[in-house]
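This report concerns only the one structure given below.
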Amino acid sequence: MTDFSFDTLQVHAGAEPDPATGARQVPIYQTTAYVFKDADHAARLFNLQEVGYIYSRLTNPTISALASRIAALEGGAGAVCCSSGHAAQIMALFPLMGPGLNIVASTRLYGGTITQFGLTMKRFGWGCTFVDFDDTAAIEAAVDENTRAIFCESISNPGGYITDLDAVAKVADKLGLPLIVDNTLASPYLCRPIEHGATLVVHSTTKYLTGNGTVMGGAIVDSGKFDWSASDKFPSLSAPEPAYHGLKFHEALGPMAYTFHSIAIGLRDLGMTMNPQAAHYTLMGIETLSLRMEKHVANAKAVAEWLEKDPRIDYVTWAGLPSSPWHDRVAKICPKGAGALFTVAVKGGYDACVKLVDNLKLFSHVANLGDARSLIIHPASTTHRQLSEEQQVAAGAAPGVVRLSIGIEDVADLIADLDQALTAATA
Ligand SMILES: *Cc1c(COP(=O)(O)O)cnc(C)c1O
């Protein structure tokens with residue numbers, strides 16, 4: 001299946017006609033448990049000697065189809081789906097971390113991720129140091145003997161900045177650490193982080209993969225390329241696991257070690273499981289991923305170019321614009337386009353931003369992105385509200401900017417809506 005091109009994989013990967021009924025579309029397997037053939041079959045499943053379905057907290061055929069499809073689109077060895085993007089981040093770190101250990105993460109992240117990593121993770125005893133990922137020396141300086149992962153976004157929220165994944169992967173390689181890339185804003189259509197050296201890719205499938213603002217979900221894709229046994233830093237994967245009679249995941253399962261661990265230990269014990277209805281909506285969404293991303297990018301380009309020329313605007317951060325400091329990275333990291341999420345600084349600052357949001361008719365004021373509909377939010381008064389002003393500026397969410405998520409509507413209608421709302425906001 002992996003020999004097929006992207007547009008074929010987004011429709012077919014992970015989904016054969018249903019073996020029981022011939023159903024061509026992936027059925028929603030709305031079941032909690034699966035009947036064992038006999039006691040020996042049950043024992044083999046519980047010992048991980050045979051792969052099969054036991055209980056839907058661990059695996060479910062609808063969700064497995066989605067996981068296989070996302071793994072194929074990202075070029076990974078395996079994938080695990082879970083209940084949200086935030087769950088995916090905790091699940092991704094769980095096999096690597098323990099009390100007293102830390103990660104080094106970019107300052108330019110989704111606001112919720114900065115809060116999750118900077119505050120909530122501390123309660124597990126997991127530390128996080130945030131540095132500017134354009135400064136690879138700073139990443140290296142922030143790593144210590146307790147660091148277990150390096151984390152960034154390919155295209156980053158809220159500014160649509162682009163991370164030089166190859167440069168960051170080189171640092172991670174040199175230090176023997178896995179690089180985790182949140183690829184939510186790019187989707188695998190615009191960027192494939194594993195090809196740039198990422199070990200793990202995480203997604204909020206809530207966004208572009210589903211693409212219609214219906215269901216929450218997350219995914220972790222493993223490249224299958226990291227040597228978990230090269231040091232004693234990753235005992236969950238390299239050392240004997242007491243819950244499975246001393247099984248060493250990496251030794252026994254090779255490139256599938258991380259994926260199996262995430263199911264057999266992660267989902268089993270953390271329970272951050274996706275539901276089969278959500279997996280079905282996301283499978284439907286992914287079928288049109290490339291078509292939607294092309295339109296998202298084309299619309300973003302037209303809107304960003306129009307805004308940049310408008311005298312009511314200070315600046316626009318879309319990396320596809322030649323004025324962006326990250327413009328040079330587009331060709332290398334996301335050659336099909338710089339995504340469709342960016343910020344706009346409105347003359348008149350905080351007050352003008354609030355008025356702009358209130359006067360738009362077609363754009364919806366919501367805390368979401370990657371919907372077919374165009375969306376807007378003022379980060380400083382919402383998603384990035386918990387951060388200090390210094391953190392807001394470092395994250396690209398200064399008080400005078402709004403974040404746009406450009407949808408797939410007719411672009412002339414989007415520009416007309418922005419035009420009338422800017423007139424009202426700057427009157
Ligand atoms: C939305 C988002 C998340 C969190 O995902 P949820 O599905 O909302 O839990 C993480 N990272 C990025 C880049 C996001 O946009």
When residues of the range 334-356 are filtered for being open to solvent by less than 10 Å² (accessible area, probe 1.4 Å), of a type in the set (A, V, I, L, M) and not in a loop (DSSP other than H, G, I, E, B), how many remain? 6
Scanning the range 391-415 for residues that are open to solvent by 50 Å² or more (accessible area, probe 1.4 Å), free of Cβ contacts under 8 Å to residues at least 40 places away in the same chain and assigned to a helix (DSSP H, G or I), which turns out nearest to GLY111 (Cα to Cα)? VAL393
Looking only at the range 313-333, how many residues end up being assigned to a helix (DSSP H, G or I) and either within 16 Å of the ligand (Cβ to nearest atom) or farther than 25 Å from TYR208 by Cα (or both)? 1
Total residues in the range 126-149, condition in a strand (DSSP E or B) and within 16 Å of the ligand (Cβ to nearest atom): 3
Pick from the range 115-125, criterion open to solvent by 10 Å² or more (accessible area, probe 1.4 Å) and out of contact with any helix residue (DSSP H, G or I) (no Cβ under 7 Å at 6 or more places or on another chain), ranking: nearest to the ligand (Cβ to nearest atom): THR115
Would you mind finding the one in ALA87, ALA65 that is away from the ligand (no atom under 16 Å from the Cβ) and under 20 Å from THR214 (Cβ atoms)? ALA65
Would you be able to say whether some residue in the range 28-41 is modelled with pLDDT under 95, at positive phi and open to solvent by 20 Å² or more (accessible area, probe 1.4 Å)? no
Which residues, taken from the range 90-111, are within 15 Å of the ligand (Cβ to nearest atom) and open to solvent by 10 Å² or more (accessible area, probe 1.4 Å)? ILE90, THR107, ARG108, TYR110
Looking only at the range 174-185, count every residue that is part of a loop (DSSP other than H, G, I, E, B) and over 13 Å from the mean Cα position of the chain (by Cα) and tell me the total. 3
Log entry, pairs with first residue in the range 295-308 being more than 12 Å from LEU404 (Cα to Cα), second being of a type in the set (Val, Ile, Thr), beta carbons closer than 6 Å, six or more apart or on different chains, reads LYS295/ILE408; ALA302/VAL411; TRP306/ILE415; GLU308/VAL316
Just need a number here: residues in the range 224-243 that are touching a residue at least 40 places away in the same chain (Cβ under 8 Å), open to solvent by less than 30 Å² (accessible area, probe 1.4 Å) and within 22 Å of CYS81 (Cβ to Cβ). 2
Check the range 263-281 and report whether any residue there is in contact with a Gly (Cβ under 7 Å, 6 or more places away or on another chain) and surrounded by fewer than 18 Cβ atoms within 10 Å (Cβ to Cβ). no
Condition met for TYR55 (in contact (Cβ under 8 Å) with a residue 12 or more places away in the chain, open to solvent by 10 Å² or more (accessible area, probe 1.4 Å), in contact with a strand residue (DSSP E or B) (Cβ under 6 Å, 6 or more places away or on another chain) and not hydrophobic (A, V, I, L, M, F, W, C)): yes
Scanning the range 357-374 for residues that are within 15 Å of GLY213 (Cβ to Cβ) and surrounded by 19 or more Cβ atoms within 10 Å (Cβ to Cβ), which turns out farthest from the ligand (Cβ to nearest atom)? PHE363
When the range 186-243 is checked residue by residue, the ones that are in a loop (DSSP other than H, G, I, E, B), under 16 Å from VAL168 (Cβ atoms) and within 12 Å of the ligand (Cβ to nearest atom) are ALA186
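The values are calculated or read from the model by the stated rules, or taken from the named source; none is laboratory data. Fair warning: this is a prediction, and the values are worked out from it, not measured in the lab. All Cβ positions, glycine included, derive from the backbone under ideal geometry; neighbour counts span all protein chains shown. The area values use the complete protein model at the heavy-atom level, side chains included, leaving out ligands, DNA and RNA. Shrake-Rupley method; radii C 1.70, N 1.55, O 1.52, S 1.80 Å.
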